[in-house]
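Below is one structure, written out as structure tokens; the observations come after it.
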Amino acid sequence: MGLAMPAPLAGRRVLDLGALCAQRPHALAASMAAKLCAAYGAEVVRPLPADGEPFASLPPLLPDGASALHRFLNAGKRPGPATGWFDAAIGDGAALAAHAAEVPVKARLSVFGPDEPDPPMSELGLAALSGLLGIVGEAPPAPPSRLAGHQVAYSAGLATCTALLAALRAGGEEVVDVSLLDVTAWLNWKVAAGVMVIGSAPVRGNAKATWFTVKARDGYVALVYQDKDWPPLRDLIGDPRLLEEPFITGPGRGANRAALLEIIGPWFAARTRAEITAAAQARRVPIGPVKYPVELLEDAQYRARGFLAPDGTPSLPVGWDGQRLVREVADAAV
Amino acid sequence: MPQSDPALPLAGIRVVDLGWITAGAASSTLLLDLGADVVKVEGPGAPDPFRQWEGADLGTDWWNRSPFFAFTNRGKQSLCLDLKDPRGREVLLRLLEEADVLVENFRRGVMASFGLDPAMLRQRFPRLVIASISSQGETGPDRDMVSFGSTLEATAGLAALTGAGEAPVITGRDVNYPDQVVCLFAAGAIVAALLERDRTGQGAHLDLSQRELTSFLLGEELIAAAAGAPSPRRGNLDPAEPGERLVADGEGGWRVEWPGGSAPVRDGVALAAAEEFVRGTAVLRSPDGSPAKGIPFRFARRPLAVKDSCHDLGADNRTVLQAAGFAAEEIDRLEAAGLLATAPRTAKRG
């Protein structure tokens, strides 16, 4: 027998109103926050609307037609009514008012904050409004790039869980408010702070943007390096033209990316991701391979750490005195 | 130490913050915002690299003037202590006797090189919550792999699925997404560990891998891949929102349109000027008026706020040590030996 599994929320009941939120970003964020509560040992109950689980038909879909999104977010929760005692409830304002009036700790998702109207909003819209969409991707005129998956909503879910845990620790009644826009703009602070602190914001594809992905023989690698890493990286590639202007400085390399790629591109294209990564890492240059989800299932690091279940489900990403928090829940939704 | 607000959730919790740049330091800042007292500990030979900044005037105390350092670390007490010296290590161990949480995001192996191996700390301070935030985690064959946030976007699966063009996209140094998002999760895991300690009396060593978190946030894609479903790069299309699209606004910018709404793709200038941003909490102000890292949630009954500005390096050396029971003469000796300082040992830009 190992040590007892840590369960900081053991004995606590959490009401997941994610399926009853009016808008999808709120629903995804609430469902993520409740999923984390379940991983921390709470009993999570998820009431469903009359037409059933709203995520059941959402992509990505499995070959049998089931939703991987539903499986990921709702595993370990119990579908059921919002009756009985709950220590905490998570949802949007309307769902909390309708189903959690008596619950002492409420976590309320909104677009802009507790005292603002909640206009129709999507995750892409939130990324746009927060500046997070505009800063990611190739330089204009290329379009900006949305981060894959549900990063906007899931980040809000992480923030919600953190605040909820704190409110539970404090005891008594509390309403925790999480604005989806505030969380996304908080993640993107360098852009806002650039304007407010330094007087100029970074823009997508600016001359300092010297990090990008480069084609390797079997895919791509992420070319990531600091100024101090340039000499070893340059020497690794070994082309004498890299010793000359305009490639000597970071801004010079950033402003002349096409010319730089003409020189370094063939070196990368001739090698596998693993060869490039090994050579760069041997010089402590933080280049890494671009890996697809299917490759991560076989990833040696993830295997060694027991991070992914055989069905691909990731554990809560924390080792707790060397243990993973894995819960078996009878009568679970998934 | 100043008295923290007794009404806040982490009132009375003492955090020793060895965190650097964002992943460690901003996690500790969230704990501060929830009511903890945070002492940021930096060595005179190894201050937080965030203190180095492009606009630094080398004729000044440039290490106290980094805008982004001050933005991130506002409100923490500052202790400048040489952990590489055994006498400095002993001082830190005495601080840990009174501490509840230790946060660190050094390269793996650095803590052990200081004689501060987490396993030893766990044994010596059984109630301490140790949060080790790292790229790959404490174990495994890639434990020592060198990575920045954007490297992890690549190795965790996010880059492969991101990008509107032919190539996978990383967020780069202006975002370094995994470094930002880990703070939201790590702070929660630390609060969870404090709840567990309330239940059991036991602290914990939390091994937080930023790469794992980044993959976790793509969990549905991992489950789909394991079942044999493809993992397409969808660019700006969200198959769950088929009516949504990104369109050029005719003025060199872009708009997002979806059934029922639309939004401009803002740059930093537009964001900073937006009313809902100004009314929001993503960026707040320190008491000295300077912009400060905001707080990504609000409590209706226990208002959270940025209560203090950034302290100069080592400004709290004496206060912190006195509170930990050091006699004035002991502190004098540590200062004379250069183990306590108020400037980097080599006061130049690295």
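Brief remarks on what is shown
- Normalising the average separation of contacting C-alpha pairs (under 8 angstrom, six or more residues apart) by the number of residues puts the relative contact order of chain A at 17 percent.
- Interchain or long-range residues, amide H under 5 Å from residue A:44's placed H: A:14, A:78
- Under 5 Å, built H, 5+ apart or other chain: amide partners of residue B:130: B:102, B:204, B:205, B:206
- Modelled FRET efficiency - R0 41 Å, residue B:60 with residue A:244, Cβ distances, 0.05 increments: 0.75
- The dipole here belongs to chain B: it is taken about the Cα centre, uses +1 on the Cβ of Lys and Arg and -1 on the Cβ of Asp and Glu, and is about 440 debye.
- When only the Cβ of Lys, Arg, Asp and Glu is charged (+1, +1, -1, -1), the dipole of segment A:219-281 relative to its Cα centre reaches about 180 debye.
- The GluC sites (Glu not before Pro) of segment B:154-233 that meet both conditions, a loop assignment by DSSP and at most 13 other Cβ atoms within 10 Å of the site Cβ, are B:166.
- Square roots of 5 times each gyration tensor eigenvalue, C-alpha, segment A:235-281, largest first, Å: 21, 11, 10
- Taking the empirical scaling 2.2 N^0.38 Å for compact globular proteins as reference, segment A:237-334 has a Cα radius of gyration ratio of 1.65.
- The count of lysine pairs in the protein assembly as shown that are at least 8 places apart or cross chains, and whose C-alpha atoms lie under 14 Å apart, stands at 8.
- Cα convex hull volume per residue for the protein assembly as shown (Å³): 150 Å³
- Under Karplus coefficients 6.51, -1.76 and 1.60, residue-wise ³J(HN,Hα) of segment A:283-289 in Hz, glycine/proline x: 9, 6, 9, x, 7, x, x
- Each Cα pair under 8 Å and six or more residues apart adds its separation to the average, and for segment A:212-290 the resulting relative contact order is 48 percent.
- Summary value for segment A:13-194: 26 percent relative contact order, contacts being C-alpha pairs under 8 angstrom separated by 6+ residues.
- Computed from backbone phi, the HN-Hα couplings of segment B:7-24 come to 7, 7, x, 10, 4, x, 7, 10, 10, 9, 10, 9, x, 10, 6, 10, 3, x Hz, rounded to whole numbers (Karplus: 6.51 cos²θ - 1.76 cosθ + 1.60, θ = phi - 60°; Gly and Pro given as x).
- Take the Cβ atoms of residue A:115 and residue B:241, set R0 to 35 Å, and the FRET efficiency comes out at 0.80.
- Kyte-Doolittle at least 0.5, axis length at least 20 Å by Cα - qualifying DSSP helices, chain B: B:177-200
- On the beta carbon distance between residue B:53 and residue A:326, with R0 = 35 Å, the FRET formula returns roughly 0.20.
- Each of A:220, A:162, A:86 was scored by the projection of its Cα onto the charge dipole of chain A, and the greatest displacement toward the positive side belongs to A:220; charges sit on the C-beta of Lys, Arg, Asp and Glu.
- For segment A:220-259, the Kirkwood estimate of the hydrodynamic radius, built from every pair of different alpha carbons, is 10.6 Å.
- Shape summary: segment A:212-290 maps onto an equivalent ellipsoid whose semi-axes, from the alpha-carbon gyration tensor, are 19, 13, 11 Å in decreasing order.
- Rg/Rh for chain B, where both radii come from Cα atoms and Rh is the Kirkwood radius: 0.99
- Its Cα gyration tensor gives segment A:27-136 an equivalent ellipsoid; the semi-axes, largest first and in whole Å, are 24, 21, 13.
- Coil-residue trypsin sites (Lys or Arg not before Pro) of segment B:299-350, DSSP, other Cβ within 10 Å capped at 12: B:301, B:348
- Computed over every Cα-Cα pair of segment B:49-110 and binned at 5 Å starting from 0, the pair-distance distribution P(r) comes out as 4, 13, 17, 22, 19, 16, 7, 2 percent.
- Computed over segment A:101-143, the convex hull of the alpha-carbon atoms projects to a mean area of 4.5 nm².
- Shown here are the Rg and Dmax of the Cα trace of segment B:99-249, at 18.7, 61 Å.
- Measure of compaction for segment A:285-334 (Cα Rg per 2.2 N^0.38 Å): 1.40
- Cβ neighbours within 10 Å from other chains - mean over B:288-296: 5
- For segment A:136-281, the Cα-based Rg and Dmax, in that order, read 20.6, 68 Å.
- log₁₀ of I(q)/I(0) at q = 0.12 Å⁻¹ - chain A, Debye sum with one point per alpha carbon: -0.98
- Lys, Arg +1 and Asp, Glu -1 on Cβ, resulting dipole of chain A about Cα centre, debye, nearest 20: 840 debye
- Projecting the Cα atoms of A:319, A:197, A:287 onto the dipole axis of chain A, where Lys and Arg carry +1 and Asp and Glu carry -1 at the beta carbon, places A:287 farthest toward the positive end.
- Selection among B:13, B:121, B:148 by position relative to the dipole of the protein assembly as shown gives B:121 as farthest towards the positive end (Cβ unit charges, Cα centre).
- For segment B:306-320, backbone phi angles converted through the Karplus equation (6.51, -1.76, 1.60; θ = phi - 60°) give residue-by-residue couplings of 7, 9, 8, 8, 6, 8, 5, 4, x, 4, 10, 3, 6, 4, 5 Hz, Gly and Pro being listed as x.
Readers should treat all values here as calculations from the given coordinates under stated rules, not as data from a laboratory. Quantities reported herein were computed from a predicted structural model and do not represent experimental measurements. All Cβ positions, even for glycine, are placed from backbone atoms using ideal geometry, and neighbour counts span all protein chains on display.
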